[in-house]
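The values are calculated or read from the model by the stated rules, or taken from the named source; none is laboratory data. Everything numeric in this text was worked out from a predicted model, so none of it was measured. Here the Cβ positions follow ideal geometry from the backbone for every residue, glycine too, while neighbour counts run over all protein chains shown.
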Amino acid sequence: MQIRVATSGDASLIASVLDEAFTEYKASYTPEAFAATAITSEQALSRMSEGPVWVALHNDAIVGTASAVSRGKALYIRGMAILPTARGQGIGEALLEHIESFAREQGCERLFLSTTPFLTRAIRLYEHFGFRRGDGGSQDLFGTPLFTMVKILSEVD
């Protein structure tokens, strides 16, 4: 497995990974929230201009993705997805490790992300990786419930 920064040529494959990864949960999202989660190729390209987007490759095929946006001394992780056929192989953890290394290099003090209560497998991964539920209260994405998870980056982990 390899993780690299995405290129503009990866945009359609990133959109495809997001769609395939979240399709099984589509009924739990509002239509608007699903569209904001399973973004288009054009939106994937736009994200590349806002911050780093990474892809995880297995046998030269993109099987996962994640992106991040700087928010002062924090790094916001978004658009993390692993193809259902590639889950359970440590790809999500490898992406999170890569993102954390990037955040530390940038001098970030914390990582944070938003997730939905029904993505239980992803929540377990985030908790295993040291994320804890934030105390910012409940939120929603176009009517789909969200909550924030945070990982404080200390000098000694």
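Things to note:
- Within the range 60-73, the set of residues being at pLDDT below 95 and either among the acidic types (Asp, Glu) or surrounded by 17 or more Cβ atoms within 10 Å (Cβ to Cβ) (or both) comprises ASP60 only.
- Residues considered: LEU83, LEU125. Of these, the only one that is closer than 16 Å to VAL150 by Cα and either in contact with a helix residue (DSSP H, G or I) (Cβ under 8 Å, 6 or more places away or on another chain) or free of Cβ contacts under 8 Å to residues at least 12 places away in the same chain (or both) is LEU125.
- Residue selected from the range 119-157 under the condition more than 16 Å from ILE77 (Cα to Cα), part of a strand (DSSP E or B) and not acidic (Asp, Glu), by the criterion modelled with the lowest pLDDT: GLN139
- Residue match in the range 17-37 (condition: modelled with pLDDT of 95 or more and closer than 25 Å to ILE152 by Cβ): no
- Candidate set from the range 49-59 (those that are farther than 25 Å from PHE118 by Cα and not small (Gly, Ala, Ser)); member that is surrounded by the fewest Cβ atoms within 10 Å (Cβ to Cβ): ASN59
- Exactly one residue among SER46, SER16, SER41 is hydroxyl-bearing (Ser, Thr, Tyr), at negative phi and exposed (fewer than 15 other Cβ atoms within 10 Å of the Cβ), and that residue is SER46.
- Only a single item in (1) exposed (fewer than 15 other Cβ atoms within 10 Å of the Cβ); (2) farther than 13 Å from LEU119 by Cβ; (3) of a type outside the set (Ser, Thr, Tyr) is not met by GLU24, and it is number (2).
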